[in-house]
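Structure first, commentary second.
Values in this text are rule-based calculations from the coordinates and carry no lab data. As the structure is a computational prediction, the values presented were derived from the model and not from experiment. In this analysis, Cβ positions are derived from the backbone assuming ideal geometry, glycine residues included, and neighbour counts consider all displayed protein chains.
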Amino acid sequence: MRVALDSSVLVAALRSQLGASNRVLALVAQRRCIPLVTTAVFLEYEAVLMRPEHRLATGMSVQEVEGFLAALASAAEAVELNFLWRPQLRDPADELMLEAAVNGYADALVTHNVRDFLPAIQTFGLNVLTPAKLLEELTK
């Protein structure tokens, strides 16, 4: 399954090893889910995960975050942006995820903030799921 992972999913996955977000990352490691990323999305991941509050909560050093990002990059598929549809959403960071999902022909955009992407569901027919819903879809 090809997925665009919102940064909220990565944060949740690194903060808790027991949650659905962490299980999604396990699927990425197993190559059952392929994250779709653009350069802008990856820079967003880096900026969010390097925030002191997230590093403190996860107990990860800068080097460990860099290692995580390197592993994620090796599992990800780069998406070239052919079309920009801004503005569609309220949050510019969400626009980055939307563009990666639509340009990458994602099977789903995975986020903890489904409501933020409601306009995209209607406009693009995009499948927007929480990590738990994605896991349900994959076990059907």
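Hey, what D do you get for the chain in µm²/s if you plug the Kirkwood alpha-carbon radius into Stokes-Einstein at 20 °C and 1.002 mPa s?
Working: Rh = 15.0 Å.
After rounding, the answer is 143 µm²/s.
When the helix-only estimate is applied to the chain (DSSP H runs of n ≥ 4, each -39,500 (n - 2.57), divided by the residue count), what is the mean residue ellipticity at 222 nm, nearest 500 deg cm²/dmol? Don't jump to the answer; show the numbers that get you there.
Values: 8 runs with 78 residues, N = 140.
Value at 222 nm, helices only, nearest 500: -16000 deg cm²/dmol.
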(message) Can you list residues from other chains, or at least 5 along the same chain, whose modelled amide H is less than 5 Å from the amide H of residue 34?
(response) 2, 3
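Across the chain, where is the longest run that never hits chymotrypsin sites (Phe, Trp or Tyr not before Pro) in a DSSP loop with at most 12 other C-beta atoms within 10 Å?
Working: sites that count: 83, 105.
Segment 1-82 is the longest.
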(request) May I ask you to evaluate 6.51 cos²θ - 1.76 cosθ + 1.60, the Karplus curve with θ = phi - 60°, for each residue of segment 34-48 and list the ³J(HN,Hα) values in order in whole Hz, giving x for glycine and proline? (result) 10, x, 9, 9, 10, 4, 5, 4, 5, 5, 5, 4, 4, 4, 5
(message) If you take every residue apart from residue 60 with its C-beta less than 13 Å away from the C-beta of residue 60, what net charge results, scoring Lys and Arg +1 and Asp and Glu -1?
(response) -1
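What per residue convex hull volume, in Å³, do the alpha-carbon atoms of segment 72-126 yield?
On the way: hull volume 4.8 nm³, N = 55.
In segment 72-126, the Cα convex hull volume per residue is 88 Å³.
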(request) Obtain the radius of gyration and the Kirkwood radius of segment 30-97 from its C-alpha atoms and give Rg over Rh. (result) 1.02
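How about segment 1-74: which trypsin sites (Lys or Arg not before Pro) there are in a DSSP loop, with at most 10 other Cβ atoms within 10 Å of their Cβ?
Numbers: sites: 2, 15, 23, 31, 32, 55; in loops: 31, 32.
Taking segment 1-74 and a limit of 10 other Cβ atoms within 10 Å, the loop trypsin sites (Lys or Arg not before Pro) found are 31.
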(message) Ratio of alpha-carbon Rg to the 2.2 N^0.38 Å globular estimate for segment 13-67, to two decimals, please.
(response) 1.18
(message) Using a Gaussian network model on the chain with a 10 Å cutoff between Cα atoms, which of 13, 70, 78 fluctuates the most?
(response) 70
